[in-house]
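Below is one structure, written out as structure tokens; comments come after it.
The values are calculated or read from the model by the stated rules, or taken from the named source; none is laboratory data. Just so you know, these numbers come straight off a predicted model, no measurement behind them. In this analysis, Cβ positions are derived from the backbone assuming ideal geometry, glycine residues included, and neighbour counts consider all displayed protein chains. Please note that ligands, DNA and RNA were not included when accessible areas were found on the heavy atoms of the full protein model with its side chains. Shrake-Rupley method; radii C 1.70, N 1.55, O 1.52, S 1.80 Å.
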Amino acid sequence: MIVNKNKTILFLTVIATVLIVALPTILKISERHDERMYIAASRKVLESAEACYRDQVCKEKQMTIGDLKKIGYLKEEVVNPRTKTYFEDNMIMVEDNFHVTFKDF
């Protein structure tokens, strides 16, 4: 009876230790993955806009994702991995010397 109780306590201690170490690690890995996916999706949009400016098709300093789609530089919808929705067509990007960034709201 005492041996069985000791085994149970040892088993619960090992499980608790593994959870204490593993849970924060898994959450951090998941958070980093989501952030990298967002950066990759944003980069896809911004690189399309930069190509448009390099090719001198885009002339204005501000443009939207919808503008890129209309002229064919962004052929497919880009999903925001944080919200699992498409980037909105009215998101504004600003160009400065062929470098494009999203406009802060």
Completion exercise
Tilt, helix 2-54 to longest principal axis of the chain (alpha-carbon atoms), in degrees rounded to tens, equals 0
Completion exercise
Expressed as a percent, the accessible surface of the chain that is carbon or sulfur, using a 1.4 Å probe and the full set of protein chains, is 61
Exercise for the section: For the range 57-62, take each phi angle, set θ = phi - 60°, evaluate the Karplus expression 6.51 cos²θ - 1.76 cosθ + 1.60, and give the result in whole Hz per residue in order, putting x for glycine and proline. Expected result: 7, 8, 10, 7, 6, 10
Completion exercise
In a Gaussian network model of the chain with springs linking alpha carbons closer than 10 Å, the residue among I26, I15, I39 that fluctuates most is I15
Handout entry: Where the range 20-105 is the region considered: accessible area per residue in Å², 1.4 Å probe
Key = 73
Exercise for the section: Apply 1/(1 + (r/R0)^6) to the Cβ-Cβ distance of E88 and R54, taking R0 = 30 Å, and write down the FRET efficiency to the nearest 0.05. Expected result: 0.75
Handout entry: All lysines inside 20 Å of K69 as judged from Cα atoms, apart from same-chain residues fewer than 8 positions distant
Key = K44, K59, K61, K84, K103
Completion exercise
Correct response: the longest run of the chain lacking exposed GluC sites (Glu not before Pro), defined by DSSP loop and at most 15 other Cβ within 10 Å, is 1-59
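Mind checking the range 4-105 for trypsin sites (Lys or Arg not before Pro) that DSSP puts in a loop (not H, G, I, E or B) and that have at most 14 other Cβ atoms within 10 Å?
For trypsin sites (Lys or Arg not before Pro) across the range 4-105 that sit outside H, G, I, E and B with at most 14 neighbouring Cβ atoms in 10 Å, the list reads K59, K61, K75, R82, K84, K103.
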Completion exercise
Out of V100, T85, I9 - ranked by how far each Cα lies towards the positive end of the dipole of the chain, with unit charges on the beta-carbon of charged residues - the top one is I9
Handout entry: Relative contact order (percent, whole number), the chain, Cα cutoff 8 Å, 6+ residue spacing
Key = 25
Practice task
With no solvent and one equal point scatterer per Cα, compute the Debye intensity ratio I(q)/I(0) for the range 1-58 at 0.14, 0.23, 0.27, 0.28 Å⁻¹ and report its log10, rounded to two decimals.
Solution key: -0.63, -0.88, -0.97, -0.99
Fill in the blank from the handout: When the chain is treated as a Gaussian network with springs between alpha carbons less than 10 Å apart, the largest mean-square fluctuation among L68, L12, L46 is found at L12
Completion exercise
Per 10 angstrom bin, beginning at 0 and ending with the bin that holds the maximum distance, the Cα pairs of the chain fall in percents of 13, 32, 18, 11, 10, 8, 6, 3, 0
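Which chymotrypsin sites (Phe, Trp or Tyr not before Pro) in the range 1-103 sit in a loop by DSSP (not H, G, I, E or B) and have at most 11 other Cβ atoms within 10 Å of their own Cβ?
Answer by residue number: F98.
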